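Take a look at the structure below.
The values are calculated or read from the model by the stated rules, or taken from the named source; none is laboratory data. Remember, predicted model here, so these are calculated numbers, not experimental data. Positions of Cβ are generated from backbone atoms using ideal geometry, with glycine treated the same way; all protein chains shown enter the neighbour counts.
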Amino acid sequence: MSGIDDTALWSSLPIPALVIDGADQILDINPTAELFLNASLRSVTGQPIWDRLHVDAPLEEAMMRVRKTRTPLFVNDVDVGTGERAPVRCTLQIAPIHGQDERILVLVTPRELAGRITQSQTVKSAAKSAIGMAEMLAHEIKNPLAGITGAAQLISMNLPPEDLELTDLIVEESRRIVKLLEQVEQFGNLSPPDRREVNIHDVLDRARRSALLGYGAHMKILENYDPSLPMAWGDADQLLQVVLNLIKNASEVADAKGGSITLHTYYDHSFRMRRSDGSGQSLPLQVEVVDDGPGIPPHIADDIFEPFVSGRENGTGLGLALTAKIISDHDGWIGVNSVPGRTVFRISLPMAPKPAKLIKRDRKAGL
């Protein structure tokens, strides 16, 4: 490690890190922790860690044990909030600092970080398989189905009324299969996103109005927007399809009395996705579609974005797979957190790049 500046290492850590003294007060935090806490080092120095980091587990004893035994301790799957942001599921690593008896290091690893690369690669692989299957199904199945439908309609012309139910069933089921195949074909027909500046709130408003006129008419759709959100970088039509899919899913699982769907936007400048090649992508624009329905069945929760996985009896399992593919093509991230009574689909998108003139101006201003 000779020749590497300790300050550079501390600043380069990709997860929030905090140095705590013997009285559990904050001595130092790295830049990633500043983003996570939404606070500067100067403003938190000397403050009790529990005033800034809200954890749903009794960690005082754990920290005392680390100081006493001088061995690291891992705390898995705890909800960590800051007062400025909603709690996120994290793993905490608490370790003693060599040569300093009372001081300890606390590392906070959001669970989302561990799953982003794997999920993104899985989504792309699954989408590629679905595209190949769509091409095969289109050529091998749709043409025979058209013949079956036509033959059934011809036969029905010479049948007595009491036998028409059988031919009607053939026609109805054939059309249903054709519709399913057309949904699968969307994977192959979906062109790369035509990316440009997009006001995500315009997209959400279009989706809300469309849903309220159709499948979401029995739902209450609420808005909770951050009006200062900058422009997103994406394809407005494809992002509209994503939001419509999520609203439709929430509407279809609600009971007959309806329910509520909340469209929530906010800015999280600490949210980054690290790719397998080591490069990073900032995804600060957050869009959440929150519903109060029954939640995702636990046995499919881990595979909900895979093609043909559905929690509904008559669902095709293609809507969320297509949604995940679109977000992946936008270099974004989508995740879900679901319990009965609250399901949150969270989409993270990149911000529109600054025009060259603004970049030059900001550099001159030292920004």
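Residue-level check: of (1) more than 21 Å from ARG272 (Cβ to Cβ); (2) in contact with a strand residue (DSSP E or B) (Cβ under 6 Å, 6 or more places away or on another chain); (3) among the small types (Gly, Ala, Ser), GLY99 misses just (2).
For first residues located in segment 159-176 and surrounded by 12 or more Cβ atoms within 10 Å (Cβ to Cβ), partners that are outside any helix (DSSP H, G or I) and lie 6+ apart or on another chain with Cβ distances below 8 Å form the pairs THR167/LEU159. The condition (being at pLDDT below 85, outside the structural domain of SER270 (by TED's automatic domain parsing), more than 27 Å from ARG346 (Cα to Cα) and assigned to a strand (DSSP E or B)) is satisfied by just one residue among ASP101, ASP28: ASP101. Against the definition (in contact (Cβ under 8 Å) with a residue 60 or more places away in the chain, among the acidic types (Asp, Glu) and surrounded by 14 or more Cβ atoms within 10 Å (Cβ to Cβ)), how does GLU252 come out, yes or no? So GLU252 fits the description; yes.
In the set (1) part of a loop (DSSP other than H, G, I, E, B); (2) modelled with pLDDT of 80 or more, ASP168 fails one condition alone, (1). For segment 88-111, the set of residues classified as without any contact (Cβ under 8 Å) to a residue 40 or more places away in the chain and β-branched (Val, Ile, Thr) consists of VAL88, THR91, ILE94, listed by residue number.
Within the set of pairs 6 or more residues apart or between chains, which connect a residue that is farther than 18 Å from PRO193 by Cβ and modelled with pLDDT under 65 inside segment 298-326 to a residue that is aliphatic (A, V, I, L, M) and outside any loop (DSSP other than H, G, I, E, B) with Cβ atoms less than 7 Å apart? Cβ pairs passing all conditions: VAL309/ILE300; GLY311/ILE300; ARG312/VAL253; THR316/LEU180. In the set VAL19, VAL66, only one residue is in a helix (DSSP H, G or I) and of a type in the set (Val, Ile, Thr); that residue is VAL66.
Being buried (at least 18 other Cβ atoms within 10 Å of the Cβ), modelled with pLDDT of 85 or more, outside the structural domain of PHE345 (by TED's automatic domain parsing) and not in a strand (DSSP E or B) narrows it down to one residue among ALA39, ALA33; which is it?
After applying the criteria, what remains is ALA33.
I'd like to check something: does segment 335-344 contain any residue that is assigned by TED's automatic domain parsing to the domain that holds GLN286, under 21 Å from ARG196 (Cβ atoms) and modelled with pLDDT of 75 or more?
Going through segment 335-344, the residues assigned by TED's automatic domain parsing to the domain that holds GLN286 turn out to be 335-344.
Cutting the leftovers down to under 21 Å from ARG196 (Cβ atoms) gives us none.
Scanning segment 335-344 turns up no residue that is assigned by TED's automatic domain parsing to the domain that holds GLN286, under 21 Å from ARG196 (Cβ atoms) and modelled with pLDDT of 75 or more.
Of the residues making up segment 205-225, those that are outside any helix (DSSP H, G or I), of a type in the set (A, V, I, L, M) and in contact with a strand residue (DSSP E or B) (Cβ under 9 Å, 6 or more places away or on another chain) are MET219, ILE221, LEU222. Going by the structure shown, is ALA23 outside the structural domain of SER270 (by TED's automatic domain parsing), modelled with pLDDT of 80 or more and surrounded by 13 or more Cβ atoms within 10 Å (Cβ to Cβ)? The answer is no for ALA23. Among the residues of segment 226-253, the ones that are assigned to a loop (DSSP other than H, G, I, E, B) and closer than 13 Å to VAL290 by Cβ come to 0 in all.
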